[in-house]
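Derivation of every value follows stated rules applied to the coordinates shown; laboratory data play no part. Because the structure is predicted, anything quoted here is derived from the model rather than measured. Reconstructed Cβ throughout: ideal geometry from the backbone, glycine too, with neighbour counts over all protein chains shown.
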Amino acid sequence: MSSDAQEEREWSDDDEILIVRKKRKVHHEAVEGLNLTAMMDMFTIILVFLIKQYASAPDNIQVNEIMMPPKSSAEANIQPTISVFISKTDILVEQKSTLKVENWKIVGSDPAKATQPLFEALEMRRRIAEKIAEKGGTPFDYTVMVVADENTPYELMATVVQVAGKAGFSQYRMIVRLKN
Amino acid sequence: MAGGGGGQEELNLVPYLDIMVNLIMFLITITAYIVEMRETPVLAPGGGGPCQGEGCDDKKPKLTLTIAVINQGIAVLSSDAAVVPAWQQDKVGEEYPVGAMQQKLREYRNSFELEDNVILAADKQIPYKVVMQVMDGIRADSQGPLFVGITFGQAR
């Protein structure tokens, strides 16, 4: 009887070892079969979200040491339109340099005619925008977007705004950095 | 019994995930450095001043304020000094008295019939950032909107 009991005990020990080994094998197989579908789904959603957020950011307004708009509490989002950039070195219309600036003064031999290139560039852009609107394109509201460095003297700002007014623009939007 | 060897191989997603992780990290980094920009409207010279459209009551002309940012400080002038007295306050160091200007504008707003548009002028060398601070102060104060339309005047 005792030998039967002993045999039974040994059998049960072996059986236990087999069960433990089987569990380890099952566990090992579960680790190998990692399902990437859920992670891929999550990454795709995050990627689409970030692309949409990046795409909605205003474009073509680069901030650097020669072009740092002032801070303001204004909250209106930027509506893209014809742009005039006033930096420490240039005045640009739609990213094209029209006037050179030195020590915040327009470079030119004749002060009365120094702003003529700016006037001509703005007038040309206005005519193009009017023709596009006539042909059924984007409506033109005679608005110009002015992006200026925060240290721009008021005299230069007022000159640019005045020239834009002569070129036919009736509304101006001053671009600023959002104040935190 | 032979096993394996039949059927299509599974698509290898590891390179795809690698690209996506890189793109996500790139976009997160870019988004963190995007400077938030806004716009503030300014009227054309001549757009401020007395009402010039339909609905204007010519029998009761409203007064127009002019805010001048000068080297010494800020001045508020009206089109009729006998009705709305002029006001001026000097700056303290490099700080312009925008708060005091707002208080005075609110007082004038509550006491007199004024146009919604004001004229903003500045000395030639006043930096744009100071002009923008004053513009923020003109548009609204802690009690709400003050003057909606701002027209740039001539440099003094």
Item to check | Out-of-range pairs (alpha-carbon distance over 19 Å; input B:Lys91/B:Lys129; A:Lys88/B:Lys129; B:Lys62/B:Lys91; B:Lys91/B:Lys124; A:Lys105/B:Lys124) | outcome: B:Lys62/B:Lys91
Item to check | Neighbour-count order for A:Trp104, B:Trp87, fewest beta carbons within 10 angstrom listed first | outcome: A:Trp104, B:Trp87
Checklist entry - Hey, what's the per residue convex hull volume over the C-alpha atoms of segment A:33-180, in cubic angstrom? => result 163
Checklist entry - Could you give the length gained on full extension between A:Asn77 and A:Lys52, defined as 0.36 nm per residue of separation minus the Cα-Cα distance, in nm? => result 7.4 nm
Checklist entry - Using Cα-only point scatterers and the Debye equation, what is log10 of I(q)/I(0) for segment B:68-156 at each q in 0.18 Å⁻¹, rounded to two decimals? => result -0.76
Item to check | Percentage of interatomic Cα-Cα distances in segment A:101-180 larger than 15 Å | outcome: 63
Checklist entry - What net charge do the residues around A:Arg177 carry, taking every other residue with its C-beta under 13 Å from that of A:Arg177, with Lys and Arg at +1 and Asp and Glu at -1? => result -2
